[in-house]
Every structure is written in C-alpha cells, then in structure tokens.
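Report on one structure; see the data block that follows.
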Amino acid sequence: MGKSIFKNIPLFLIFLIFNSFLAQQKPIKTIEIGTKQDTIRKNDTIPAKEQLEGVVKTKADVERNSFSTKQTFLEKNAQVIYQDMQIDADYIRIDWSNSKIYARGGLDEKGRVKEPAVATQAGKKYEYDEVIYDYKTRQAVAFNARTEESEGVIVAQKTKKYNDSVFFMRNGKYTTDTYFIQKKDTIADYYLLAPNIKLVKGKESSQVITGPIQMYIEQVPTPLVMPFAILPFSEKRSAGILIPSFGERQDVGFFLNGLGYYQPIGEHFDLKILSDLYTKGSWNLRPEMNYLKKYRYSGRFNAEIGTIVRGIKGLDDYSQSSTYKIGWTHTQDSKANPLFTFNAAVDITSQKFYSNLLNNNYIYNNENLKTSQTSRVSIQKRFLSLPITINANATYSQNFATGITDIRLPDLTVAMSQFYLFKPKTGMRTGLLENMTVNTGLSMSNYVQTTEAELFKDQMWKDMKTGLRNNIALSTNTSIAKYLTFTLSANVDNVLTTKTIEKRYNVLTDKVDNISKNQFAGFSTFSTSASLQTVLYKFLNFKKGSTIEAIRHMVTPSVSFNYTPDFAAKNWGYYREFYGSRGEMTKYSIFEGGIYGAPSSGLTQSIGFNIANNLEMKVKSKSDSTGVKKLKIFENLNISGNYNFAADKNKWSVISVSSQSSFFNSKLTVNTMLTLEPYKILYDATGKNGVRTEDFGHFSLQGFNLQLGYSLSDEIFGKKEELGKIYKKKGEIRNEDYYFDDDNYARFTQPWSLRINANYAYTRGLSLFGTKMATAGLDGNIKLTPFWNITGRASYDFISKEISQASLGFSRDQRSFTISFNWVPFGVYKVYDFFIGIKANILSDAIKYKDRSFTQPRSSF
C-alpha cells in the first residue's frame, strides 16, 4: 500500500480542510487511500477544531485513515511523536474524536506480544504490551508496563499515568537484577511484589510508595514482608529502613540485630538509629550521627545503651545488668590545614561492656576478648617561621581486667626541631662537635588513676597530679678507623610537680601510710652514654655443582657504657627514710608514684652489649629467572645484656635472645624470645619465692616465647590455569563464570587461603614453677563456586584443653543480593544469624542492608 498523503502533515491543516468542506455544504466524495477505502458521510458530525499545544507527527510502513470513524491506523514500524512524547510500536491507532492513541507491541503466531511497544518521554523509556494515551490530558493506561528507574525496573500488570509526575500501578514487581534489566534473562532472580504502587517523579529524584510488599527469590515467596515501603530513586542520600539480621544466641534467645532507620539531615549530617532486640528481654539502642565537610573533615558520634537479661526471673541464674558505650571519631583532611590538625578517636565504655555484649558484631570480630582500650583527642600546631611544634593530647585508658582507668587531661608538649649545636661553615659535618645535635622540649601533664565509680567525681579531681617537664638530649657521632661508629649522648630531665608523698608506719593498722601533700617540688636528673658499633661480614662459598652456592653471615656487634648517678644519695634531697614495722630504716622517694616517676636510685656504671646477626643462604633454583634464590635463615638474631660495675651484687643482668625468621618464600614465619638468668636462684619451701645468689654461671630459663605462622593458598600448587585457553565452551546468562568441558561438566577456579598460627609461652621469673600458655589457631576461606564463599576461624587452648574461640561463615552471591550465615558454636557466646541484603546502591538507602552515609562510600559485595 502506498504512503498516505497525510503523512507528516500538521494537525491544524487537517482541521482547516474539514471546515472548508462544511462551508461548501456539498456531499463528500469517497477518498481512496491505497487499496483501502475510508469514507466520511454527509451526516457525520465533525467536532470543532482542537486546540493542541504542538504538532502530531506519524510514520509507519503502512498508514491509512478513516474519515468515518475519525481514526488513523499505523502498522509495522509505527511511530507517533507529540511534543516530548514518542511512541514506537508494531500497531498504533489514533482516535481524533476523543484524543486517544492506542499502541500495541508485535505479536507472535499465538497472538501474544513478543516485541513490546516503547514510549519515550523526556529521554525516559517505557515499555508496554499495550497502552492507551490521551494526548490532550497526557494521561495513559498501560498493560504489562516496564519502567526503568535508576538501577532497577518496575513491571506492572496495569499502570495508569495520572500526569507526567504521578503513576499508579497494580500488581507491580520491582527488581535490580541486571540480567533482567538488560534482558539477558526473562526471569528476575528476585523481586519485590506489591499489589499497589505509586510512582512520583521529581526533577532530581523519584520515589516509589507501596502498600504491603513481599520479597520473592527465584519466584519463591519469602517471609520478608513489610506493611509498606518507600523506595527513593536518587543519587542523593535519603531516609530508609535498616534491615536487621536475625538468629539465635544461647544466653539471650532469638534476636533481630541491627533493626533501625536512617535519616539524612541537611547537607553535612545524617542520623542512624539501630536496635538489637532479644526474646528473653535484652535490648540495645545504638544511635549514630555522621558528619562530613568535603576537603575539611569528617567524623561520627555513636553510642550504645542497653540492658542484658540472662536466665529466668525468680531463679538463681537470673541476672540483669546495664551497659553503655560512647564513641566519637574525627578526622581532618590532610589538605585542609597543614599547619594545624585536629583528630579524635574516643571510645568510652562501661567496665563490663565487653563481657555483656548485645551487639553480635563484636562477637564475630572477637572483640569480646578485649582487655583494654584507649581513647585519644589530639591537636597539633606548626609554624612557618618558628622551628616549634605544639602537641596537645587528652587520653582515656581503660583496663577491663583490673577496673583501673588512666586519664591524662591534657598532655601538652612544645618541641623544638632538632638542630646542630656547632654548624659547620663548609656544609660538611665532620668530627664530634660538628655532628652534635640538640633535641629539647617542654611538656605539661595532668594525670589521674581512678575507677569507674569515682569517674569525674570530687575524689578523682583531688587525686589528679600535675607536672611540668623539660628534656634536653644531646647526641653526636663520628667514624673511627673507617669501620667503627662512635656515638656519645647525654640526657637531662628537669621536673616540677604539685604533689609529693610522705611515708609513715601506722602501728594501729600495721601498714605503711602514704600521705599525699599538695606542694610544689622538683628534681633534675641526667645520664650519659657512649657506644661503639661496627658491621662484620663472613662469606662461605661452596664448590660448583653444589645446590648451596654460598652462605653470608652479617654480624653487627655494639658495646655501650652508661652512667647514671645515685639520686637516692642524701645530698640530692630526693629520698627520705622512715621507720618500718621492725624499727628498720626504709628509704623512699618523695616523688614516688609521681606523674613523671621518681629519680632512679643506685649508681649505674654499666657496660651493655648487643650482637645482631643476619644469616642468608644462596641456593640454585629453577623457578627463579636468575637461577639463584636467596633464603633467609635468620632475618634477625639478637643477643643482649649488661654488666653494672657499681652494683653491690648481681652485677650481670638477665641475658635476652630474640630471633625472627621466615621460610618458604615468607609463608612460614618464626619469632622467638627467651631470657636466661645467669645466677643461681634459691627458693623457699613453697617454691614460689626465689632469691638471686652471687653464684654466677648457673644459667636457667626464665622466659620463652615461640610464635609460628604459616600461610597456605591455592597458589602453592603452581600457576593458575587459564580456563579460557583450555575449554572453549563458556556458560551464558547466569553461568558466564563457568566453563564447560566436552562432557558438559562445569569448570571454575576455587581460590582459597588458610593461615595457621601457633603460640607457646613460658614464664618463670623468681618462681620454681612457671606458667605456660599454648594455643593453635586456623583462619581461612574458600570459594566452593564463584558464588559460594566459606570463611572460618578456630583456636584451641592446649593448657585448658578446650576450643577458646571458633566461628564459621557462609555467604551466597545471588547476583542481585547476598545471603549470609554466621555461626559461633563454642565459647561464652554461642550465636548464629542469617541475613539477606540487596546489593543495588539505590536500595542501600531505601532498604538498607548496607547503609550509605558520609563516611562510607557507595559500595556492594
């Protein structure tokens, strides 16, 4: 059939022709178009001219018009354009009498739509089986409509377009499955089904509001049902529900861990409120606020407050306790101000927080084993024209084992940059004088040791100690006979404190009373040292043909002389005496327990020695391109000790030996430390108390520590196979990560890693009976398939003969979402949890399995 003469004619011209026919009041002749005959009879009523806002353009392989029904029919590659709306379909019918456009996709032999109709408006594409569009009101009704929004797509059984901004949908499915979106697969791996959906479009963002919504995985309904959902489609942060993990813990029952809500606040803040709920009555509330100013700073305030309930009320095993945790982190951008920095890492918890955990994430990270933690706030100021750096720190250290808290509020240090005391004229430093450097600084500190019960109360402030300290360190060095390095150093400390102590023996209590006195007092101490060091090499070459080519032994011996006066002498005035329980005179320092400690007692005139060893071996290797491979037998082997000439007895110190080695391309690491007592020790009847004698030469083991670590992975079996070069057949759609052999068996890589750790420690000291510690642990992961990953961790205590900690984790990558299962089967906390998280970034705000905030970039598994 030929092309219509009305093709691409503006609509207002058609109405002008109709009006001219009416004015003539003559019978209308039949107009033949192609092989079809469409007529308009004399008695047909023609409406008045429509006032349209634009031009309707049409195009098709086959186009015909019916004047009797006032319709235009477009078939095969049909297209209609009106303003910003374009409709492409296999079949289009325009009804001019009621301003309706009907479009339908291409049909197969059974009359089902196989190729959808496509509507494009403002650059946005919509696909339908069928659509009815009113170009006057711009409203539409579509069937089996497919609407892409951001990273997802909505497929609805029936969609009504109310206007350009509001859409209503019946039986809508939303998914972010990229295979379904890209039409690589006709079935989505998951979708959210809602009977009623409202889509609201804005200039910068869109939003989906639903009634009851249920999650389907592989077309199977899950129990994940919400009474409503609000899904924002925007690159900006937006509010949303935080989906929890769920599971069971032996001591507190079934739980929801991490249920909460996320709310952005302005441009620079966002708020997240999480909760942990347990069926036996325990609960935990976790508010968190993040802030960010780009190129300046970022940080987070967080807190946890909860009550843990164990046992059954009324029975002996019932217990209830409250815990709290306050945290603040602040990080300044390195480019914000190079002369001034401010950072904070504050983490203050109740004493029993880590022994009464309600947030299971701490258990999976082994933080329940924590025995201490430190919080710090630091400020640093530099100057362009002055060689001075000012540091101010406030620290808060907790020891959960002893219940003691150390607070420094604040520590202030003014340090001068190192400078040379005798600057050479030529620029080349030679000799002791020209190499002499000076380091000096002034520090002030406020320190108190307290308990949780006395924290920030009157007693804590009364016990606080304040001190001022000036340190001057001088050092110089020079070469002797080219092979020896000679170093001289001196150190001077000047201390001023606001507290001293006086000791008295109390006859009534039979104890020594420490009486604190608020008074200014100070002391000065100094020490000097001189050292001599060199490096020696020894090479041992083997005959040609031998597997071992050479062995190199590098020895770095050093000897030093140290001198410190006896500041306990009476002429210094730093030490005093009191009468003990038996009337004996006991010496003590009035600065004992002070903020900067007390001056040392006893004259020190000691010679110290240290011998550092490095032992390497060259062997032939076919795997190395050079044909030779280096093996480190001892990366470092140190032997150290000292001899004090001025000591009245026991002039020799204990001898320390430490080593560090690695083997098998650093896969096996071995670290050891041992201490040897050179004097014979006599023990009392209990064997718990020992005394060092003057009988030298009876070396006994006082302490030993051995740490082993071995790393294994799939790489130890050689180079990884390139499956693409071995197998020609590769999977499609959801199997593209698999290759298939001739028998159609799947082939894929299985990366894995395993870390084996072992630790043995023996401590004896001045006791006949030492204490032992022996543990072994495993930490590894394996990918069973490209989408299944298993991680595990376990540790066994050989002394107590029990598993001290163990955990197992499974995760399944379902392309669009991740399923994870974590399990701790042993220990105090026996817990498991299960979690399903959608990976799409757009849903990380709406259904937040992984929250998106300032401090955490958009990411997915």
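We did not get these values from a lab; they are worked out from the coordinates using the rules stated. The structure displayed is predicted, hence computed values, not measured ones. All Cβ positions, even for glycine, are placed from backbone atoms using ideal geometry, and neighbour counts span all protein chains on display.
Observations on the structure shown:
- Reachable aspartates and glutamates, given that their alpha-carbon falls under 13 Å from the alpha-carbon of Lys538 and they are not under 8 places away in the same chain: Glu616
- Placing dummy labels 7 Å off each Cα toward the beta-carbon, the span from Asp566 to Lys198 is 9.2 nm.
- Once the chain from Asn705 to Leu384 is taken as fully extended at 0.36 nm per residue, the excess over their C-alpha distance is 110.7 nm.
- Grouping the Cα pair distances of segment 137-222 into 10 Å bins from zero gives a pair-distance distribution of 18, 50, 28, 4, 0 percent in increasing distance order.
- HN-Hα J in Hz across segment 454-465 - Karplus 6.51, -1.76, 1.60, θ = phi - 60°, x for Gly and Pro: 9, 4, 6, 9, 4, 4, 5, 5, 5, 7, 5, 10
- From least to most packed, judged by other beta carbons within 10 angstrom and beginning with the fewest, Leu784, Leu259 follow the order Leu784, Leu259.
- Gln139 long-range amide H proximity, modeled H, under 5 Å: Asp134
- Gap separating the Cα centres of segment 201-235 and segment 678-750, nearest whole Å: 46
- A Förster distance of 41 Å, applied to the separation of the beta-carbon atoms of Thr120 and Ile819, puts the FRET efficiency at 0.65.
- Neighbours of Tyr179, meaning other residues whose beta-carbon lies under 10 angstrom from its beta-carbon, give a summed charge of 0 when Lys and Arg score +1 and Asp and Glu score -1.
- The lysines whose alpha-carbon is closer than 17 Å to the alpha-carbon of Lys280, local same-chain residues fewer than 8 away aside, are Lys313, Lys830.
- Convex hull volume per residue in cubic angstrom - Cα atoms of segment 562-637: 213
- Charge dipole magnitude, Cβ of K and R +1, D and E -1 - segment 654-813, Cα centre, debye nearest 20: 80
- Positive-pole candidate from Gly266, Gln459, Ile404, dipole of the chain, charges at beta carbon: Gly266
- 222 nm mean residue ellipticity, helices alone, for the chain (DSSP H n ≥ 4; -39,500 (n - 2.57); rounded to 500): -1000 deg cm²/dmol
- Spin-label pair Ser479/Phe696, simplified geometry with 7 Å Cα→Cβ offset, distance in nm: 3.6
- Trypsin sites (Lys or Arg not before Pro) restricted to segment 427-480 and DSSP loop, no more than 15 other C-beta within 10 Å: Lys457
- Three-way shape call for segment 490-540 based on the alpha-carbon gyration tensor, with the a/c threshold at 1.5: oblate
- Bins of 20 Å from zero: percent of alpha-carbon pairs in the chain: 9, 27, 30, 18, 10, 5, 1, 0
- Gain on full extension, evaluated as 0.36 nm per residue between Gln449 and Phe798 minus their Cα-Cα distance, stands at 122.0 nm.
- Distance between segment 356-428 and segment 134-174 - C-alpha centres, whole angstrom: 59
- Two-site FRET efficiency, Asn393 against Lys630, from Cβ-Cβ distance with R₀ of 35 Å, rounded to 0.05: 0.20
- Helix 11-24 axis versus longest C-alpha principal axis of the chain: approximately 20°, rounded to the nearest ten.
- Within segment 295-421: Cβ-based charge dipole about Cα centre, in debye rounded to nearest 20 (Lys, Arg +1; Asp, Glu -1): 360
- Loop-located trypsin sites (Lys or Arg not before Pro) across segment 768-847 with a Cβ neighbour count of 10 or fewer within 10 Å are Lys801, with loop assigned by DSSP.
- Estimated FRET transfer efficiency when R0 is 56 angstrom, pair Asp317-Ile265 (beta carbons, to 0.05): 0.80
- Charge tally for Gly105 (other residues, Cβ to Cβ under 12 Å; Lys, Arg +1; Asp, Glu -1): -3.
- Neighbour-limited loop hits for trypsin sites (Lys or Arg not before Pro), segment 637-700 (at most 10 other Cβ within 10 Å; DSSP other than H, G, I, E, B): Lys649
- J(HN,Hα) series, segment 332-342, from Karplus relation 6.51 cos²θ - 1.76 cosθ + 1.60, nearest Hz, glycine and proline x: 8, 4, 4, 8, 5, 7, x, 9, 9, 10, 9
- Rounded to two decimals, the Cα-based Rg/Rh of segment 568-695, with Kirkwood Rh, is 1.21.
- Under a model in which nothing but the beta-carbon of Lys, Arg (+1) and Asp, Glu (-1) is charged, the chain shows a dipole of about 1700 debye around its Cα centre.
- Comparing Ala103, Val559, Gln449 along the charge dipole axis of the chain, the residue lying farthest to the positive side is Ala103, per the Cβ-charge model.
- Remark: segment 68-75, residue by residue, has Karplus-estimated 3J(HN,Hα) of 5, 9, 6, 9, 10, 10, 10, 10 Hz, where x stands for each Gly or Pro and the curve is 6.51 cos²θ - 1.76 cosθ + 1.60 at θ = phi - 60°.
- Simple label model, 7 Å out from Cα along Cβ direction - Ala774 to Gln219, nm: 5.9
- Above-threshold pairs, the threshold being 22 Å between Cα atoms, out of Lys57/Lys158; Lys59/Lys136; Lys59/Lys183; Lys114/Lys728; Lys325/Lys462: Lys57/Lys158; Lys59/Lys183; Lys114/Lys728; Lys325/Lys462
- Paired Rg and Dmax values of segment 654-813, which use every Cα atom, in angstrom: 25.5, 82
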